[in-house]
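Remarks on the structure that follows.
The values are calculated or read from the model by the stated rules, or taken from the named source; none is laboratory data. What you are looking at is a predicted structure, and each value in this text was computed from that prediction instead of being measured. Cβ placement follows ideal geometry from the backbone for every residue including glycine, while neighbour counts extend to all protein chains displayed.
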Amino acid sequence: MDLSNLKPAKGSVKTNKRLGRGQGSGRGGTSTRGNKGAQSRSGDKRKIGFEGGQMPLHRRIPKGGFKNFNRIEYTGINLDLLQNLSDKLGINDFNIETFIEHGLIGKKERVKILGRGQLSTKLNITAHAFSKKAIEVIESMGGTANLIK
């Protein structure tokens, strides 16, 4: 046995249909495409979502909603989380760099301090926005809430 004797297994290789090669091929004439119409022509393709002339689903469903492109998105951080960080790491001054360093926000995110939880230590916090309750709690403990403009 050598390489010149190798053949694929019987029945494993099939020849492709040779379409449009005349009447003698057995598939001449319409070349298995049927008679007339767009699908029988070369270059036929239908639009994505085409439903045979019926109004397609993406046009039957109504448009809705409004996206305000002037909206400013904030990432909320609650006081209880800041108190936990303060207890674990001994930090009393929080600013944007501190939040980024400890993985609370990404580099380009804005921060809003929210009022959930209690404080047991004086914290000085610098952020883009504060809720009213957060400011009350921070200042009642003698801390400061500094706004970034």
Legend entry - From 107, 63, 88, residue being over 30 Å from residue 145 (Cα atoms), charged (D, E, K, R) and exposed (fewer than 10 other Cβ atoms within 10 Å of the Cβ): 63
Legend entry - Odd one out for residue 35 among (1) surrounded by 10 or more Cβ atoms within 10 Å (Cβ to Cβ); (2) at pLDDT 90 or above: (1)
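Go through segment 116-144 and give me each residue that's in a strand (DSSP E or B), surrounded by fewer than 18 Cβ atoms within 10 Å (Cβ to Cβ) and aliphatic (A, V, I, L, M).
Looking only at segment 116-144, we keep the residues that are in a strand (DSSP E or B), and these are 124-127, 129-130, 144.
Narrowing the set further to residues that are surrounded by fewer than 18 Cβ atoms within 10 Å (Cβ to Cβ) leaves 124, 129, 144.
Of everything in segment 116-144, just one residue is in a strand (DSSP E or B), surrounded by fewer than 18 Cβ atoms within 10 Å (Cβ to Cβ) and aliphatic (A, V, I, L, M), namely 129.
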Inset, instruction - Only helices (runs of 4 or more DSSP H) wholly contained in segment 1-115 count here; list those with 3 or more residues that are farther than 30 Å from residue 143 by Cβ and without any contact (Cβ under 8 Å) to a residue 60 or more places away in the chain. - result: 57-60
Inset, instruction - Could you please let me know if residue 99 is surrounded by 10 or more Cβ atoms within 10 Å (Cβ to Cβ), out of contact with any Gly (no Cβ under 9 Å at 6 or more places or on another chain) and either closer than 30 Å to residue 129 by Cβ or of a type outside the set (Asp, Glu) (or both)? - result: yes
Inset, instruction - Tell me, yes or no, whether segment 38-54 has at least one residue that is touching a Ser or Thr at 6+ places or on another chain (Cβ under 6 Å), surrounded by 11 or more Cβ atoms within 10 Å (Cβ to Cβ) and over 30 Å from residue 16 (Cβ atoms). - result: no
